[in-house]
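Beneath this line is the structure, given in structure tokens, with notes to follow.
Derivation of every value follows stated rules applied to the coordinates shown; laboratory data play no part. What you see is a predicted model, and the numbers here were worked out from it, not measured in a lab. Positions of Cβ are backbone-derived with ideal geometry, glycine not excepted, and every protein chain shown enters the neighbour counts.
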Amino acid sequence: MGKPLTEQELHNLAMNIVGKHLEANGYEFMGVNSKPKRNPQFVCLKDKVLHFIVVRAVAHPRNPNAYDVAFMDKMKEHAEKIEATAYYAGVRLTNAVDPNLPVYLNEEYIVDYDGLIKI
């Protein structure tokens, strides 16, 4: 068995997945914050609108699209003060061999990411 990924490593992996999606969809990065407790993780510009994107790595069997409503409402209020739009991006990362095991370094995993959820 390999070494299980740390919370920060899982977060970085989720950030990379969301970052590639944003890049492919024409978002321009204004700010990136890779610390899990610092929000939002991405501040982007697209079509002259500022976007706040909160990224969360989620473990199996949790639903990657379920988010902390009270927290995201606060993020939305913060975004609206500066005419920005808030989004949630949940990424479930699951061990490809056994979903009950953690995701290991240099081993296969399954990504469950449905894109941005507008708040």
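The helix-based estimate of mean residue ellipticity at 222 nm for the chain, built from -39,500 (n - 2.57) per DSSP H run of four or more residues and divided by its residue count, is -8500 deg cm²/dmol to the nearest 500. Full extension of the chain segment joining Glu108 with Ala24 gains 27.9 nm, where the gain is 0.36 nm per residue of separation less the Cα-Cα distance. Once both axes come from the Cα atoms, what is the angle between helix 7-24 and the longest principal axis of the chain, in degrees from 0 to 90, rounded to 10? Rounded to the nearest ten degrees, it is 50. Between Leu105, Leu22, Leu50, the GNM of the chain built on Cα springs shorter than 10 angstrom shows Leu105 fluctuating the most.
Placing +1 on each Lys and Arg Cβ and -1 on each Asp and Glu Cβ, with no other charges, gives the chain a dipole about its Cα centre of roughly 320 debye. Mind giving me the FRET efficiency for Lys81 and Glu9? R0 is 35 Å, r the Cβ-Cβ distance, nearest 0.05 is fine. Computed FRET efficiency for Lys81 and Glu9 comes out at 0.60.
Sorting the Cα pairs of the chain by distance into bins of 10 Å, from 0 upward, gives 14, 45, 30, 10, 1 percent per bin.
Could you list the residues of segment 1-21 with an amide nitrogen less than 15 Å from a label point located 7 Å from the Cα of Leu101 in the Cα-to-C-beta direction? Flagged as within label range: 1-5.
The order of Phe71, Phe52, going from fewest to most other C-beta atoms within 10 Å of their C-beta, is Phe71, Phe52.
Counting neighbouring beta carbons within 10 Å and listing from fewest to most, the residues Thr94, Thr6, Thr85 come out as Thr6, Thr85, Thr94.
Nearest 5 is fine: what % of DSSP beta bridges in the chain come out antiparallel, could you say? Could the numbers behind the result be given before it?
On the way: 16 of 26 bridges.
If I count the DSSP bridges inside the chain, around 60 percent turn out antiparallel.
Cross-link pairs exceeding 21 Å between alpha carbons, from the set Lys20/Lys76; Lys35/Lys81; Lys20/Lys118; Lys20/Lys46; Lys48/Lys81; Lys20/Lys74: Lys20/Lys76; Lys35/Lys81; Lys20/Lys74. Taking other C-beta atoms within 10 angstrom as a stand-in for reagent exposure, Val111, Val54 fall in the order Val111, Val54, fewest first.
Computed from Cα atoms, the angle from the helix 69-81 axis to the main principal axis of the chain rounds to 40 degrees. Pick from Ile82, Ile17, Ile53 the residue whose mean-square fluctuation is largest in a GNM of the chain, springs joining Cα atoms under 10 Å. In the Gaussian network model the winner is Ile82.
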